Amino acid sequence: MSPAQPKWWQQRRWQIAVLLMLVTAVGSIDRQAMSVTAATLKSGFALSNTDYGLLGSGFLMAYALGQLLSGIVVDRVGTRRALAWAVILWSFAAIGHAASAGFAGLLLARVLLGVTEGANFPAAFKAIAEWFPRAERSMATGLVVAGTGLGLILAPPLAGTLTHYFGWQAAFLVPGVAGLLWVGVWWRRYHLPENHPQISSAERELALRDRVSVAAGTGGLAQQIAMLGHYFRFRQTWGLVLSRFIGDGAFYFFAFWLPLYLQSERGFTLLNVAFAAALPFVCADLGSLSGGWLGQKLIRRGVSVDRSRKSLIWAGCLTTLCAWPVATVSSAPVALLLAAVAIFGIQVKTSSLFPLAADIYPAEHVAKIWGLSGAAGAFGAALFQSVFGVLIDKTGYNVVFVLSSLICIAQALMISLFIRRVEPLELSPAAADKAKAH
């Protein structure tokens, strides 16, 4: 009789995915504390919507730079060490918000938070490339991305309650301390499957099965940077970069502006928002997990990785069209429901979009590619947040809800046009020259 297979939560790779989900949730709470306390901060520091949009842009510009640089660093020093240091630094940056006394202080804190949190996803998706076979990557991605939704669910009641009883500073202090506690667990639990001290041979073999690899080592820092130029010879790289630049702003719009919209346009109080604003992000997590589960199910049933990923990307992006009437319906609960469905669609799309780097590129370079595309996404989102702030001040929210849907459709188009087939790249110099010629 063969021994019973361990439950999923007993397997090291899924434990690692849960750890990555948790730290993503903590980072999300750090970011979302600003959104939940926005009305309080705007009143206390006399900030306009344009000022608030600039705070969002400042964070995202720094986040873009952080992802670009951290992708190179993570590939250079390794997932375990890079993510531990990043979480330590962003936790102190989150705590630093509490010392801010005006717009300039808040902007500095947001920039420091953005630069340091930029390492989260490059490191997380490198870990997925190191630990998960291809069929399981969408589910692992769904778990990690669900951390963002989990943070957005927890942030409104947590930050709202802390602000109500202890002042807005507490909304930034508590998640900062939580990040420092997470680092201790991560340092003990994460190792590569090749040398993990507590892993079965069967799980080690499974983890290594579908890795995209190259014959040579990762090389020095200069070679790491030069490799980015090498990858720009491929249309797949342009597809990832352009799609993220165009479409990532949609999720950040909902994360940054929805709590403020509910207070300023729908008459919600701070405590109302603390709980009502969590509901759309419950749907965000449902989108992440159901999209990841469905992607895994399709591939295990014989559907190609290419068809599975693109079908779910398009399905999710089309669902975001529900955002169009949010600002025009008369009922606040209906508006909240429409926003929730749109966010659900965004996260269904994300659960298949984010694994593409691991599907296409070698594990040794996934963090760089992910950081590059993530930087493009954050930079594009930063531009959109500035534009959204101006549009809201001048015309109201209707136009920006429509735009948030349209940029998702454009994102799906970029993937279909530039990534004709999701499959591992042949990375020989001859193949690169051939791709460049075409």
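The values are calculated or read from the model by the stated rules, or taken from the named source; none is laboratory data. Owing to the predicted nature of the structure, the values given are computational and were not obtained by experimental measurement. A quick note on method: Cβ atoms are made from the backbone with ideal geometry, for glycine too, and the neighbour counts reach across all protein chains shown. Remember, those area values only see protein heavy atoms, side chains included, never the ligands or the DNA or RNA. Shrake-Rupley method; radii C 1.70, N 1.55, O 1.52, S 1.80 Å.
Kindly indicate whether S308 is surrounded by 20 or more Cβ atoms within 10 Å (Cβ to Cβ) and under 24 Å from A135 (Cβ atoms).
Numbers: surrounded by 20 or more Cβ atoms within 10 Å (Cβ to Cβ): yes; under 24 Å from A135 (Cβ atoms): yes.
Yes; evaluated as a whole, the condition is true for this residue.
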(Q) Of the residues G149, G78, only one is modelled with pLDDT under 90 and on the phi > 0 side of the Ramachandran plot; which? (A) G78
Q. So which residues in the stretch 225-269 are among the aliphatic types (A, V, I, L, M) and modelled with pLDDT of 90 or more?
A. L240, V241, L242, I246, A250
Q: Name, by its number, the condition in (1) under 24 Å from L279 (Cβ atoms); (2) over 18 Å from the mean Cα position of the chain (by Cα); (3) modelled with pLDDT of 85 or more that does not hold for E130.
A: (1)
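Is it true that A332 is in contact with a Lys or Arg (Cβ under 6 Å, 6 or more places away or on another chain) and open to solvent by 10 Å² or more (accessible area, probe 1.4 Å)? Talk me through it step by step, then tell me what you get.
Working: in contact with a Lys or Arg (Cβ under 6 Å, 6 or more places away or on another chain): yes; open to solvent by 10 Å² or more (accessible area, probe 1.4 Å): yes.
When the stated conditions are applied, A332 passes them.
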Q: Give me the pairs, please: first residue somewhere in the stretch 147-165 and open to solvent by 50 Å² or more (accessible area, probe 1.4 Å), second residue anywhere and in a helix (DSSP H, G or I) and not hydrophobic (A, V, I, L, M, F, W, C), beta-carbon distance under 8 Å, and either six or more positions apart or on two chains.
A: L158/P175
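Taking the stated definitions as given, is L60 in a helix (DSSP H, G or I) and modelled with pLDDT under 85? Working first, answer last.
Numbers: in a helix (DSSP H, G or I): yes; modelled with pLDDT under 85: yes.
Yes, satisfied.
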Q: Hey, can you tell me all the residues within the stretch 152-173 that are touching a Leu at 6+ places or on another chain (Cβ under 6 Å) and at pLDDT 90 or above?
A: A170, A171
